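Structure first, then comments.
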Amino acid sequence: MQLAKRLQTIFAINPQSWALEFEGHRWSWEELSGVALTIAAALRAAGLKEHDVVGWAAQNVPSSVASLTGLVLSGHCACVLNPHMAPQVLADEIRTQRFPLIIGDPQFWAIPGVVEAARASGSAGIVASWSGLTTSIEPYPGLEFVGPESHRDPMPGFVIERVSSGTTGPPKRTPQREEAVLASLSLGQRKEAGVDEGPPRLSQSPALVIRPLAHSGSFAVLLALYSGRPISLHEKFDIERTVDAIGRYRPKVLSLVPAMIRMIWDAQVPPELLSSLIAIRTGTAPLDSDLQQAFEDKYGVPILCDYGATEFGGVAGWSLADHKRYSREKRGSAGRPIVGAQIRVMDPVTGEQILDGSVGLLEVQVDKKTTGWVGTNDLARIDEDGFLFIHGRADDAIVRGGFKVLPEEVANVLRRFPGVEDAAVVGVPDARLGHVPVAVIELRDGERVPDEGAVKAFAREHLTPYQVPVAVKFVDKLPRTVSMKIIRSELLALAMN
């Protein structure tokens, strides 16, 4: 495989330079490749056949990085298992997927129901532990070998099978072929380095991997390995540790989800601590336009929003050149299509393409990742300059007595109310109107719960009457996944309580 050959070349350039850092400890490229090859040998010893898939417990720990590396080197597709799922959901996923082998760290194997599900599926199990100076790659007792049960078919030519966050329903699995992964990595390297790709070489500037490996963090790891960039791995987002890492490594580009950007803003991090950054890339959820403007004004760092999905990867995004020219007038946009991607908006009633900038359903077409046009549930419009604006999901839209309410438009207004940290809006059933909007508001720490009538009055000043929520609920924290997306099912339960 081309990706495996490239990693082998990277490992041989300067084996003693550091490749991975976690909680104060560093490992070299030689050590990383050594553990990865040990894992590859353990896969063979367990009876794994050529191109068999592997359930990869994607935890933000060094052993997960080594496991992913070992799977790439040995030509096995890494099928993401999200250890942050509810234990019963995770166990059901293991039974459904029928992996011939599962690899994870000790914490993963301690999750209730995981071992039993693996045993029922006939899966071999490997416990991978790598911390400090200690390395342990061992079979899980009783799961030493691949069982005789029927397992998932081999997947030659595939690198990774991603899984969606499951915020709107059961997680969806999307396997990605090597040619598609290589195209994304090549584009990602050009965007990060700002230069055309050349021969493999090592970079002195590390990648700060903060997002969960179970989601976009896995791409960040692959991109760092592909680019010869050392990895500063963070188990989770923490203001103090993140700012400290920025100060030590002086990165030019940082990838954060909108909730992380808000946390930096709320923590009043001094601008000089972020002075090395020339851009922050963000996606996965809408970024409040007022917050973006205030953040950019204070820190002088452009925030480049993008749009994509697990099913087809990146589709649109901002460049620094576009930001310099259009940042004020195109605020709220997800940018323009990236190289190899096409977008269009379709009328959900007539099925005709919309060309006048009106809102409709977004369709995408991405080289090497889709076969023809693929429809989405995202409501979108494309302006005269080709900029994409996302207006929420069609299945989130609230039809109130015949009027369509887009939850994100309402939430954007509520976020401007004093003391509000974040807001989300969901439709609840109503016998007369079908569905009506209810707002769930997360308050800033130390803020007193405001009068509900005052919040509604504020909403009436900035929204049309049918958009105003019929009720407002206040919570300490909005329900979020580990990647900080709102969990719609739990939000609805809060709204109806």
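The values are calculated or read from the model by the stated rules, or taken from the named source; none is laboratory data. From a predicted model like this one, the values you see are computed outputs, not experimental measurements. When we count neighbours, we look across all protein chains shown, and the Cβ atoms used for this are built from the backbone with ideal geometry, even at glycine. Just so you know, the surface numbers come from the protein's heavy atoms only, side chains and all, with ligands and any DNA or RNA stripped out. Shrake-Rupley method; radii C 1.70, N 1.55, O 1.52, S 1.80 Å.
From 395, 385, grab the single residue that is in contact with a Lys or Arg (Cβ under 8 Å, 6 or more places away or on another chain) and touching a residue at least 40 places away in the same chain (Cβ under 8 Å).
Answer to the check: 385.
Filter the stretch 258-284 for residues that are farther than 15 Å from residue 331 by Cα and in a loop (DSSP other than H, G, I, E, B) and give the result.
267, 268, 269, 270, 275, 276, 277, 278, 284
Of all residues in the stretch 453-486, which are more than 18 Å from residue 86 (Cα to Cα), surrounded by 19 or more Cβ atoms within 10 Å (Cβ to Cβ) and polar (S, T, N, Q)?
467
Limited to the stretch 193-211, what total is found for residues that are within 18 Å of residue 281 (Cα to Cα), surrounded by 13 or more Cβ atoms within 10 Å (Cβ to Cβ) and at pLDDT below 90?
Residues that pass the stated criteria total 3.
Let's see how each residue does on (1) under 26 Å from residue 30 (Cα atoms); (2) over 27 Å from the mean Cα position of the chain (by Cα):
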residue	(1), (2)
58	yes, no
62	yes, no
85	no, no
132	yes, yes
141	no, yes
158	yes, no
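Working only within the stretch 230-241, note down all residues that are buried (at least 22 other Cβ atoms within 10 Å of the Cβ) and either at pLDDT below 95 or in a loop (DSSP other than H, G, I, E, B) (or both).
230
I need a count of the residues in the stretch 452-488 that are in a helix (DSSP H, G or I), touching a residue at least 12 places away in the same chain (Cβ under 8 Å) and not aliphatic (A, V, I, L, M).
Within the stretch 452-488, residues that are in a helix (DSSP H, G or I), touching a residue at least 12 places away in the same chain (Cβ under 8 Å) and not aliphatic (A, V, I, L, M) number 7.
Which of the residues belonging to the stretch 320-346 are in a loop (DSSP other than H, G, I, E, B), farther than 26 Å from residue 411 by Cβ and open to solvent by 50 Å² or more (accessible area, probe 1.4 Å)?
If the condition is that a residue be in a loop (DSSP other than H, G, I, E, B), farther than 26 Å from residue 411 by Cβ and open to solvent by 50 Å² or more (accessible area, probe 1.4 Å), then 339 is the only one that fits.
Could you pull out the residue among 223, 213 that is under 22 Å from residue 174 (Cα atoms), touching an Asp or Glu at 6+ places or on another chain (Cβ under 9 Å) and in contact (Cβ under 8 Å) with a residue 12 or more places away in the chain?
Going through 223, 213 in turn, the sole match is 223.
If you go through the stretch 286-300 one residue at a time, how many are buried (at least 20 other Cβ atoms within 10 Å of the Cβ) and among the aliphatic types (A, V, I, L, M)?
Matching residues across the stretch 286-300 total 1.
Taking strands (runs of 3 or more DSSP E) that do not extend beyond the stretch 1-116, which have at least 1 residues that are farther than 25 Å from residue 483 by Cα?
In the stretch 1-116, 18-22, 25-28, 101-104 are the strands (runs of 3 or more DSSP E) which contain 1 or more residues that are farther than 25 Å from residue 483 by Cα.
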